[in-house]
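Note sheet for the following structure.
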Amino acid sequence: MTSSPADAPVIGRVQAIALRSSPRTMPRAVSAAQAIAGLGLADDRHADALSPRQVLLAGAPAYARHGLAPHTLRENLLLDVDTSTFASGTLLRVGRDAVLRLTFACEACGYLDARQPGIAAAIGRARGMLARVVHGGAIAAGDPVAMLPTILPAWDDDWRTRVAAILALVPPGMVVDYRHLARLAGVQTVYCRAFPRLARSLGFGHAAVAMASQPQLPRWQGHELFDEPFDEPFHASGGPGR
């Protein structure tokens, strides 16, 4: 891509925005949301500085193709484009200021089948794309979505590959507990059951432990995973962002 940030191509628009304040609440449609750099969307349950899944983007074409009821995919931002074509590491400017770093495709889990039997297998990667907020700003329904020319390092869609990459970064003499590892890798805590065997098979059995195990060893928090190498976002009108 040869375009500069000032003339980054618009690839679509935000059709709708939804937030969830807790796991027990249904998505709440809103006309606008505030993206907070390094955290996620204000008032949303997935706002977490140490998570690769702060924001979920889904495409209206997936809803139309599969005849889904509104909010079935639990997305934060519904775009008018097919998100299954998005690549990890891509930077999207949403509205005038907000910039999202795409991380990996959201897995089509059993939750979807509970809403519509068989949809998890049918929808595949069109479930949506996860992202982190690397530059904050207001996002409103109708805002343009532009693809910036910078490409950052990709995250793998396979959770095992992500876990392996994270464990390889744990400093000598430190450990990460299984629950925190799930948080960093962007998977549900039920995956913790598979971590001991996986860590041993990868040669990192010493780096991952149960929460109460080896309390004498310092816990690695993994902040460096999210040191976004991008700090000059651009406004839609051109020029460096504030």
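Coordinate-derived values only; no laboratory data. Keep in mind the model is a prediction, meaning the values are calculated, not measured. Cβ placement follows ideal geometry from the backbone for every residue including glycine, while neighbour counts extend to all protein chains displayed.
Applying the Karplus relation 6.51 cos²θ - 1.76 cosθ + 1.60 with θ = phi - 60° to segment 58-66 yields 3J(HN,Hα) values of 10, x, 4, x, 5, 4, 5, 5, 9 Hz, where x marks Gly and Pro. Close amide H contacts of D97 (hydrogens built in the peptide plane, cut-off under 5 Å, sequence separation of 5 or more or a different chain): A138. Taking θ as phi - 60° and the Karplus parameters 6.51, -1.76 and 1.60, the scalar couplings of segment 143-152 work out to 5, x, 10, 10, 9, 7, x, 5, 10, 9 Hz in sequence order, x denoting glycine and proline. 3J(HN,Hα) along segment 22-27, derived from phi through the Karplus expression 6.51 cos²θ - 1.76 cosθ + 1.60 where θ = phi - 60°, amounts to 7, x, 8, 9, 7, x Hz, with x in place of Gly and Pro. On full extension, the segment bounded by A168 and A210 gains 13.4 nm, given 0.36 nm per residue less the C-alpha separation. Look at the dipole of the chain built from charges on Cβ: of G59, V94, V145, the Cα furthest out on the positive end belongs to G59. DSSP beta bridges fully contained in segment 1-118 are about 80 percent antiparallel.
Please identify, among T90, T25, T72, the residue showing maximal mean-square fluctuation in a Gaussian network model of the chain using a 10 angstrom Cα cutoff. Looking only at T90, T25, T72, the largest GNM fluctuation is found for T25.
Between the amide H of A208 and those of V176, distances stay under 5 Å, these residues lying 5 or more places away or on another chain, with hydrogens modeled in the peptide plane. Taking each residue as 0.36 nm, the span from Q34 to D227 lengthens on full extension beyond its C-alpha to C-alpha distance by 67.4 nm. Using the rule -39500 (n - 2.57) for each DSSP H run of four or more residues, divided by the residues of the chain, the 222 nm mean residue ellipticity is -4500 deg cm²/dmol.
Taken about its Cα centre, the chain carries a charge dipole of about 780 debye when Lys and Arg each add +1 at the Cβ and Asp and Glu each add -1 at the Cβ.
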